[in-house]
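Colleague: For reference, the structure I am asking about is given below.
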Amino acid sequence: MVRVVLFLALVAALAFGAAWIADQPGTVTVRWLGRHIELEVLTGVIALVIGAVVVMMAIGFVKWLIASPTIAGRVLRRRRAQRGQEAIERGIVAIGAGDRRAAERHAAEAERLAPDAPLTLLLRAQAAQLAGDRGGAEQAFRAMVAKPETRVLGLRGLYVEAQRRTDPVAARAIAEEAAKASQTAAWASQAVLEHQTGAGDWDGALASVERQYAARVIDKDQAKRLKAVLLTAKAVQAEDRDPAAARALAMEAHGLAPSLVPAAAIAGRLLAADGDTRKASKVIEATWKTAPHPDLAEAYAHARSGDSRLDALKRVQYLARLTPSHPEGLMAVARAAIDAGDFAAAHTALGELTAATPTQRACLLMAELVAKESGDHGRAREWMARALRAARDPVWSADGQVSDVWLPASLLSGRLDAFEWKVPVAEIGGPLLQVDDVLADAHEAPQPAPLIEIVPEPAAPTAEVAAAPVAANVVELPTPVPPPPVVLAPTAVPLPEAAPVAKPRPVPTETVFPMARAPDDPGPEQPSAAKRASLFGS
């Protein structure tokens, strides 16, 4: 409405001005080239305006003629860039679809039309990877590293290529360089952390976790959990050498992650050994309520030195009441009751376990109970036979591997806090690997896919993979032997000669911690300056 009023006011002003000029007497005289021209005032004003418009149009036309080459070049460059962008888009779509020939064609067109575009380098690298040209892919990634806007992306590609050719030294150097270039690059900080845990560098891993939390790559709860796992790893190493330091580390880890079973078990054992039974019991009880585990029950049963087996049974019964009807509590009570000779309590606990679907441990405990209580070796053998077909019990497992002891990181990937107490068959749905079968050919495990490339990955390792020499800081375990149908306690009644029990698999007398490093070990090989220069193209 305001604009309409202003427009009408302007038109009225112009009309009034024109009428006023027309009413004024006088003439305009022009003398030019010997000619004498007289015009009225209004006609002269109109002629002056028309002349000014013509002059401005002439000036504009001349300026356009002068600037036309530049304008034409700008239009051509814009059109060329648009065609290059379209080629890049079609190339990325072809890579996603797995069309190698189309990807190579569009990559060549993009290099011709938009050679300086960052996505052109990415398209060239991805097309080379799709075609299996690792050298061409690395060359493209090195070119990306040279540009500030694509430096981290190029380092990511070089890291993937280093993993594919199984070069851990180069992979670690590239990941460290990427972590320095971008503190928020989650893949770089995670790769550095995995290399550190794989080498047993717990102090360096702790520093990496702190940097991840400071950069908001992980949240507070994740940082506390990872820090607790690393402190527990240090406590495992120091438990025999420096019990006081191991106790302090385990207590700190327990404070950060009360549900972490290994931290609570170590803290409980060392506190009990130091005579602080009450504190040891509180630590174990706090963790038992959230994560019942046989190691916790064992440490709780023997937390007070000098106790009889009946006293140990009473302690375990109290612990089991904290989580009523939990299988781990019932089995802990059955184990303590059999050792104490309270067969009635053992029958009560095992009766609830074997009523529905008993597990292997429950069947073995039942066989031991029958053999000790009545000497009925026939029934004991029946329970042992049931154990062969019974459901699996939870074990420490990670990435398809099964371990008798907790480990802070996966032996295959180096992923921190990978081992979980669970039934692996329900999670994996295939054959299991024992820690004794640790794969030396870790490079055969699936590698992370580079960027958006769709390339068939190597098959996951199976249990039939032959054992091979492992890294210098990994202790090689004995060749696995099929597990026995049952393992009776040393005090069990011997079975008749006609039915010998299969010889159990030998268990190492001391805990094997594959990723631990001796004090005089110089640690993993570090990349030299020349190696870094060759990796990053500078």
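The values are calculated or read from the model by the stated rules, or taken from the named source; none is laboratory data. As the structure is a computational prediction, the values presented were derived from the model and not from experiment. Ideal geometry is used to build each Cβ from the backbone, glycine not excepted, and the neighbour counts take in all protein chains shown. Quick note on the areas: whole protein, heavy atoms, side chains included, nothing else; ligands and nucleic acids left out. Shrake-Rupley method; radii C 1.70, N 1.55, O 1.52, S 1.80 Å.
Colleague: Give, in nm to one decimal, the length gained when the segment between residue 184 and residue 36 is fully stretched (0.36 nm per residue of separation minus the Cα-Cα distance).
Modeller: 45.0 nm
Colleague: Counting only protein heavy atoms, what percent of the accessible surface of the stretch 77-121 is carbon or sulfur at a 1.4 Å probe?
Modeller: Carbon and sulfur: 48 percent of the exposed surface of the stretch 77-121.
Colleague: Report the Cα-based extents of the stretch 279-319 along its three principal axes, largest first, to the nearest Å.
Modeller: Result, largest extent first: 28, 18, 15 Å.
Colleague: On to the next question. Based on the alpha-carbon gyration tensor of the stretch 81-135, what equivalent-ellipsoid semi-axes (square roots of 5 times the eigenvalues) come out, in whole Å, largest first?
Modeller: Square roots of five times the eigenvalues give 17, 12, 8 Å.
Colleague: Based on a Kirkwood Rh over C-alpha pairs, give the Stokes-Einstein translational diffusion coefficient of the stretch 11-122 at 25 °C and viscosity 0.890 mPa s in µm²/s.
Modeller: In µm²/s, the coefficient is 123.
Colleague: Which peptide among 214-221, 191-198 comes first, and what is the full order, when sorted by highest mean count of other Cβ atoms within 10 Å?
Modeller: Top to bottom by mean Cβ count within 10 Å: 191-198, 214-221.
Colleague: Quick one: Cα convex hull volume of the stretch 167-282, Å³ per residue?
Modeller: Taking only Cα atoms, the stretch 167-282 has a hull volume of 94 Å³ per residue.
Colleague: So what are the radius of gyration and Dmax for the Cα set of the stretch 106-198, in Å?
Modeller: 13.6, 46
Colleague: Given 0.36 nm per residue, what is the gain on full extension from residue 222 to residue 323 after removing their alpha carbon distance, in nm?
Modeller: Contour length minus the Cα-Cα distance gives 33.7 nm.
Colleague: Still on this structure, I have one more. For the stretch 142-218 and the stretch 276-337, what is the separation of their C-alpha centers, rounded to whole Å?
Modeller: Centre-to-centre distance over Cα atoms comes out at 43 Å.
Colleague: Could you state the principal axis extents of the C-alpha atoms in the stretch 1-56, from the largest down, to the nearest angstrom?
Modeller: 54, 30, 6
Colleague: Sort the following peptides by mean Cβ neighbour count (other Cβ atoms within 10 Å, averaged over residues), highest first: 333-340, 148-155, 29-36.
Modeller: The packing order, highest mean first, is 333-340, 148-155, 29-36.
Colleague: Starting from the Cα of residue 227, draw a straight line to each of the lysines and keep only those under 23 Å, dropping any in the same chain fewer than 8 residues away.
Modeller: 180, 279, 282, 289, 422
Colleague: Which whole-number value in Å² is the accessible area per residue of the stretch 337-386, probe 1.4 Å?
Modeller: Accessible area per residue, the stretch 337-386: 41 Å².
Colleague: On average, how much accessible surface per residue is there in the stretch 3-122, in Å², for a 1.4 Å probe, leaving out ligands, DNA and RNA?
Modeller: 77 Å²
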